[in-house]
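Chemist: Have a look at this one before I ask anything.
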Amino acid sequence: MAAVDTICPTKPEPTLSFTQGLVVGQLSVVLLIAAFIKYFIFGDPPSPEVTASIRATERRSRTLAHRQSLLTLRTDDTASSASNTAGNTRSTLSQPTLKKKKSTVLRNSPTLTIGSILNKTYYNVDSHQPESLDWFNVLVAQTIAQFRSDAQHDDAILNSLTKALNADSRPGFLDEIKVTELTLGEDFPIFSNCRIIPVDEDGLSLENRGSGGGGMPGAPGSSAGARAKLLDGSRLQARMDVDLSDMITLALETKLLLNYPKRLTAVLPVALAVSVVRFSGTLSISFIPSNPSQSTPTMMTFSFLDDYRLDFSIRSLVGSRSRLQDVPKIAQLVEGRLHRWFDERAVEPRFQEIALPSMWPRMKNTRGAGDDGPDGLSSASTSMGKGKGRDVATNLRDDSSGPNAVPELNSDNLRYRRTRGRDEAGTGSFSIPGSLPDMSFNMQS
């Protein structure tokens, strides 16, 4: 028996029964779900200052990495272009080039560089004081006020938003999205502290162009020749501070659809309201000259520096009967997605580009009071001119009938000589030389 027990040892009896194990497993699952809901969904979000600091650090590191990559590529391109200069020169001399004949009527204007433009406009990028842009704030405020007024009388902006939100790119787990509230705000952005700085072809400021030995333009250690060389190969950029404190709200309503294991297994109503509370940052604007050889127009580019601050107020409501209100995790996800959307479109190194129309005056763009006629003259102004003409004619007749009136000149006077082609009877009929027979015009009105 001892040998049998040694070969086949007895199995230990389980300490928990099946029912007890099931209860313990269910309790552990419930505890995990409760901890997830408490700390992940309803956990206290970090303060706005901490979140803004973290985002600013991430954007700054991304900008520095992009700038370093540009400097590396620029160094490699310089070395490769220097090695290929001799070969390109020989090939250029061996191949004849066709030159377009220039016009001899239009005089060539002297080539303007960035340095000459700054000198002619009396602007010193090193010592010029920043401008307040009060006049620009008034113009922008009038434009925004008119936009808000037009939106009150027309549902175009509401229809455009609804169409854009329900486009083909809408995920399949979302039902139709409805706009329940749209507030365009009451305040206006304030632009201030505008200054002009030179930047290179990549949009990098010349003050931070080189980290080793380049020198800052206008610094005590940089010569005038090096400064002029840097300015000639650059373009100008306007930077201004922007600050907006307002309440711009967009409220949406939709349903989350669960299509597994079959279509519309469950439906969860969701309501979301996003408000822009404050925006502050630095806007940079520059112009890219046109290139006639490539038929590219003059472009205006604008972007925001990575030190901006964008604060949201997000409210949420999930459920139909038992509703969850203002879930912090939903607010964090929505705010992060909005920041990512803005960073990918208008924050350096990315920028927006707008083609500018021709600035030459054209008759089709001329406008006046009324703008009823093809020449921009209204019927009211035309009738006003006719009325003034009648008054002048009346005054002349009154002067001619006065006591000091000059005697009427006879028909032989040179000034009142009979018009060529007029009949002798004085009926006012006028015939055009070379016209068809029996065709005449009566000039009397």
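The values are calculated or read from the model by the stated rules, or taken from the named source; none is laboratory data. Keep in mind that what you see is a predicted model, and the values were worked out from it rather than measured. Glycine gets a Cβ as well: all are built from the backbone with ideal geometry, and neighbour counts include every protein chain shown. Heads up: the accessible areas ignore ligands, DNA and RNA and are worked out on the full protein's heavy atoms, side chains in. Shrake-Rupley method; radii C 1.70, N 1.55, O 1.52, S 1.80 Å.
Chemist: With every protein chain kept in the model, how would you rank 300, 240, 247 by accessible area, 1.4 Å probe, largest at the top?
Modeler: Correct descending sequence by accessible area is 247, 300, 240.
Chemist: Take the Cβ-Cβ distance between residue 294 and residue 37 as r, set R0 to 60 Å, and report the resulting FRET efficiency rounded to the nearest 0.05.
Modeler: 0.55
Chemist: If N is the number of residues in the range 148-189, what value comes out of its Cα radius of gyration divided by 2.2 N^0.38 Å?
Modeler: 1.43
Chemist: Please list 3J(HN,Hα) in residue order for the range 68-75, calculated via the Karplus relation 6.51 cos²θ - 1.76 cosθ + 1.60 where θ = phi - 60°; whole Hz, with x for glycine and proline.
Modeler: For the range 68-75, the Karplus curve yields 5, 5, 5, 5, 5, 5, 5, 5 Hz.
Chemist: Go through 131-139, 28-36 and give me the packing order, highest mean Cβ count within 10 Å leading.
Modeler: 131-139, 28-36
Chemist: Can you send over the solvent-accessible area of residue 308, 1.4 Å probe, protein chains only, in Å² to the nearest 10?
Modeler: 10
Chemist: Which whole-Hz couplings ³J(HN,Hα) result when phi for each residue of the range 147-163 is put into the Karplus expression 6.51 cos²θ - 1.76 cosθ + 1.60, θ = phi - 60°, listed in order with x for Gly and Pro?
Modeler: 4, 5, 5, 5, 5, 6, 9, 9, 8, 5, 5, 5, 5, 5, 5, 4, 5
Chemist: Return the distance in nm (one decimal) between the two label points of a simple spin-label model at residue 321 and residue 140, each offset 7 Å from Cα along Cα→Cβ.
Modeler: 5.2
Chemist: Between residue 158 and residue 187, with labels modelled 7 Å along Cα→Cβ, what's the label distance in nm to one decimal, could you check?
Modeler: The answer from the label model is 2.7 nm.
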